[in-house]
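A.B. asks: The structure under discussion is supplied below as structure tokens; questions concerning it will follow.
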Amino acid sequence: MTRFKKNPTSAAMAIFLYFAVGALLAAAAQPPRNIVLIGWDGAQRDHVKEMIARNELPNLVALSKEGAMVDIDVVSGATDTKAGWTQLLTGYAPEKTGVYSNSRYQPIPAGYSVFERVEKHFGDDNIETRAMIGKKGHVDNDPPTTIPYEKWEKQQKKQKALDKKKAGLGNIPGGVITEENGVKVVKVPGKPWYNASQNMDLFVNGLQLNDKVGEMALKNLEECKDKRFLFFIHFAEPDHAGHQHGENSQEYTDALKSDDEWTGKIVAKLKELGIYDKTLVYVIVDHGFNEGESGHRYAPYVFCATNDKAVNRNGTREDIAATVLKRFGLDLTKIEPKLDGIPLDEPAPERKAPAENPGAAPGMKAKAKKAKNKTGVASTKKG
Ligand SMILES: [Zn+2]
């Protein structure tokens with residue numbers, strides 16, 4: 001857990017802080033009206049901390065100074081996009097959602113996402129749930145479909161070759177083989193967000209560029225300023241840059257700077273609209289990057305930065321959803337099935353990601369950050 005120090009310079013400042021903190025604590029006791037989840041897809045924790053040390057992420061630091069920045073480890077499910085956002089936004093281990101990795105998945109069971117839970121809790125008309133997503137694949141909501149067997153077989157072979165070393169991956173179910181009019185076909189499950197997106201007020205993916213995601217977010221915040229809302233604003237550029245140029249590239253650093261700038265603009269917009277004091281903002285991350293490489297086969301080290309003053313410990317991906325639901329006033333003991341996550345203001349057993357991928361062949365280590373400016377190793381893996 002990283003706390004950023006404030007430096008009072010005089011007695012007057014100390015007195016001011018005494019009253020200011022008192023007011024803030026009173027405000028913190030009120031449940032928030034709104035929550036904004038800002039996704040930094042593929043942001044490696046060590047890389048982000050080095051950028052913080054160089055003052056390259058001022059908006060992330062400003063947000064954390066109001067609340068906290070804590071370490072988040074991935075302890076179940078693959079360190080990839082489908083498993084990551086599913087876990088962050090449901091609070092469940094993959095066994096409960098059926099979303100283990102980019103290649104082993106099904107639609108998240110209806111009702112399991114934070115969006116559906118708050119819609120049900122407040123009533124459809126009393127909360128806006130809106131998602132603006134940079135990624136096309138892996139944060140997707142395509143319906144179930146039927147494809148020719150040959151096409152399916154080809155896809156499966158490709159996926160198996162790519163994913164056999166990932167955590168959480170067992171036999172790939174991938175689809176049900178059947179016959180239609182004497183032709184062998186495969187019924188393929190829908191994508192993870194197929195069910196959830198049907199009960200949300202907005203689900204747009206494939207925006208690709210941070211600027212497109214950010215502009216849409218600002219417009220939607222304006223539209224919702226007088227309503228209660230839960231937003232998911234997902235920036236994909238660091239993941240794309242990491243795959244193309246490697247984790248130690250300038251391009252990856254620049255993409256994270258873009259995430260930070262947009263995080264700042266979102267906070268500024270909330271302030272301009274006069275709703276920042278009613279809004280909790282969490283910057284959350286699905287997976288990191290293998291040190292110096294251009295993939296994230298085993299990259300379990302990420303973080304959460306927030307203006308939520310109550311957040312007080314490190315945690316795991318599942319803890320984010322539990323925190324969001326608790327802040328909105330849901331009784332977590334009544335949620336079925338039981339959440340695997342624990343709110344980040346409640347004590348929990350320490351769960352750290354093992355240094356070595358538990359589901360993989362020997363030698364798949366999560367390397368610590370040492371040298372800088374190493375050349376990225378070529379990889380075809382995406383997502
Ligand atoms: Zn990726």
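The values are calculated or read from the model by the stated rules, or taken from the named source; none is laboratory data. Bear in mind the structure is a predicted one, so any value in this text is a computation, not a measurement. Every residue, glycine as well, gets a Cβ built from its backbone with ideal geometry; the counts of neighbours run over all protein chains shown.
A.B. asks: When you scan region 109-126, do you find a residue that is farther than 28 Å from Asp226 by Cβ, crowded, with 24+ Cβ neighbours inside 10 Å and in contact with a Ser or Thr (Cβ under 6 Å, 6 or more places away or on another chain), even just one?
C.D. replies: yes
A.B. asks: Let me ask something additional. Scanning for something outside any helix (DSSP H, G or I) and at pLDDT 95 or above, does region 316-327 turn up at least one residue?
C.D. replies: Here is the first cut: in region 316-327, the residues outside any helix (DSSP H, G or I) are 316-317.
Retained after the next criterion (residues that are at pLDDT 95 or above): 316-317.
There is at least one residue in region 316-327 that is outside any helix (DSSP H, G or I) and at pLDDT 95 or above.
A.B. asks: I need the full set of residues from region 236-254 which are assigned to a helix (DSSP H, G or I), away from the ligand (no atom under 12 Å from the Cβ) and in contact (Cβ under 8 Å) with a residue 40 or more places away in the chain, in order please.
C.D. replies: Correct list: His245, Thr253.
A.B. asks: Right, next: Which ones in region 92-108 are over 10 Å from Lys191 (Cα atoms) and β-branched (Val, Ile, Thr)?
C.D. replies: The answer is Thr97, and nothing else.
A.B. asks: How many residues, within region 55-86, are in a helix (DSSP H, G or I) and away from the ligand (no atom under 15 Å from the Cβ)?
C.D. replies: Qualifying residue count, region 55-86: 9.
A.B. asks: Looking for whichever is away from the ligand (no atom under 16 Å from the Cβ), surrounded by fewer than 19 Cβ atoms within 10 Å (Cβ to Cβ) and either over 21 Å from Arg45 (Cβ atoms) or modelled with pLDDT of 95 or more (or both) here; the options are Asp260, Asp226. Which one fits?
C.D. replies: Asp226
A.B. asks: May I ask you to say which residue of Ala378, Ala360 is at pLDDT below 95, away from the ligand (no atom under 16 Å from the Cβ), out of contact with any Asp or Glu (no Cβ under 8 Å at 6 or more places or on another chain) and in a loop (DSSP other than H, G, I, E, B)?
C.D. replies: None of the other options fit; the residue is Ala360.
A.B. asks: Given (1) surrounded by fewer than 21 Cβ atoms within 10 Å (Cβ to Cβ); (2) at pLDDT 95 or above, identify the lone condition not met by Gly98.
C.D. replies: (2)
A.B. asks: In region 115-129, is there at least one residue being modelled with pLDDT of 95 or more, part of a loop (DSSP other than H, G, I, E, B) and not β-branched (Val, Ile, Thr)?
C.D. replies: Within region 115-129 (the criterion being modelled with pLDDT of 95 or more, part of a loop (DSSP other than H, G, I, E, B) and not β-branched (Val, Ile, Thr)), the answer is yes, since at least one residue qualifies.
A.B. asks: Could you tell me how many of the residues in region 87-99 are in a loop (DSSP other than H, G, I, E, B) and within 16 Å of the ligand (Cβ to nearest atom)? Talk me through it step by step, then tell me what you get.
C.D. replies: If we filter region 87-99 for residues that are in a loop (DSSP other than H, G, I, E, B), which is where we start, we get 91-93, 98-99.
Narrowing the set further to residues that are within 16 Å of the ligand (Cβ to nearest atom) leaves 99.
Result for region 87-99: 1.
A.B. asks: List pairs: first residue in region 301-320 and farther than 22 Å from Ile275 by Cα, second residue acidic (Asp, Glu) anywhere in the structure, Cβ distance under 6 angstrom, at least six positions apart or on different chains.
C.D. replies: Close Cβ pairs satisfying both conditions: Phe303/Asp71; Asn312/Asp345; Asn314/Asp71; Thr316/Asp73; Glu318/Asp340.
A.B. asks: Assess whether Ala310 counts as being surrounded by fewer than 20 Cβ atoms within 10 Å (Cβ to Cβ) and away from the ligand (no atom under 16 Å from the Cβ).
C.D. replies: Answer is yes for this residue.
A.B. asks: Moving on. With respect to the numbered conditions (1) out of contact with any strand residue (DSSP E or B) (no Cβ under 8 Å at 6 or more places or on another chain); (2) surrounded by fewer than 17 Cβ atoms within 10 Å (Cβ to Cβ), which one is the sole condition not fulfilled by Pro192?
C.D. replies: If we test Pro192 against (1) out of contact with any strand residue (DSSP E or B) (no Cβ under 8 Å at 6 or more places or on another chain); (2) surrounded by fewer than 17 Cβ atoms within 10 Å (Cβ to Cβ), just (2) comes out false.
A.B. asks: For region 277-289, state whether one or more residues are in a helix (DSSP H, G or I), touching a helix residue (DSSP H, G or I) at 6+ places or on another chain (Cβ under 7 Å) and closer than 22 Å to Leu209 by Cα.
C.D. replies: No, that holds for no residue.
A.B. asks: Select, from Ile52, Ile35, the only residue that is more than 16 Å from the ligand (Cβ to nearest atom), β-branched (Val, Ile, Thr) and in a helix (DSSP H, G or I).
C.D. replies: On the way: Ile35 fails: in a helix (DSSP H, G or I).
Ile52 is the lone residue from the list that is more than 16 Å from the ligand (Cβ to nearest atom), β-branched (Val, Ile, Thr) and in a helix (DSSP H, G or I).
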